[in-house]
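Since the structure comes first, as structure tokens, the remarks are kept for the end.
Every read-out reported here was derived from the displayed coordinates using simple, explicitly stated rules and does not represent laboratory data. Just so it is clear, the structure is predicted and the values come from calculations on it, not from any experiment. Note: ideal-geometry Cβ built from the backbone for every residue, glycine included; neighbour counts use all protein chains shown.
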Amino acid sequence: MKAMALCHTLADAELEAIAAIVESQDLPAGRDLFREGDPGNGLYLVVAGEIDITKRGPRGERSLARLGPGGVLGEMSLVTADVRSATGRALMNTQVLRIPAQPFRVLLDAGSSAALKIAAVIAALLARRVATMNGLVLELADQVDPAGKKLPAMQDAELAELHRTMQVWSI
């Protein structure tokens, strides 16, 4: 775990505190790690393999991201009690580590330096993801069709709703 970006700032004793609550899980290819709408029950770290993050939309399920070794997903469940906003599915045999939400919150409430450091890394991760989404929203607002004809600009209310929706795509 020490080599993973989520845990690289932890001292050995802090790493032990987190390791004490971590659970390992092996997923065969094609198996869902979690589904959109499921209760958020913890953060996952990809150890080996690859997870496809998908979200249902008007035209069916769409891939949002693919996360390989070192990837972090499900981070929102460590800070909120919201349901999963997307589905995580193993693309190949995959091993993940789960930091369960409830034991993590106990550590956080107790002022654990390990939990506080992980929360800071999660905040930075979420900030980067929101910045990426901001850029995507602006690109979509000025989208051009394949023939080069500029499409009508999105109305401010549509743009604001799209932006709000995209911000909950962190899973």
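Per the Debye calculation on segment 1-82 with a single equal scatterer at every Cα and no solvent contribution, log₁₀ I(q)/I(0) for q = 0.16, 0.20, 0.23 Å⁻¹ amounts to -0.71, -1.06, -1.30.
Here the label points at residue 3 and residue 59, each 7 Å from Cα along the C-beta direction, are separated by 3.9 nm in the simple model. Scanning residues 5 or more positions from residue 38 or on other chains, those with amide H under 5 Å from its amide H are 84, with H placed 1.01 Å from N in the peptide plane.
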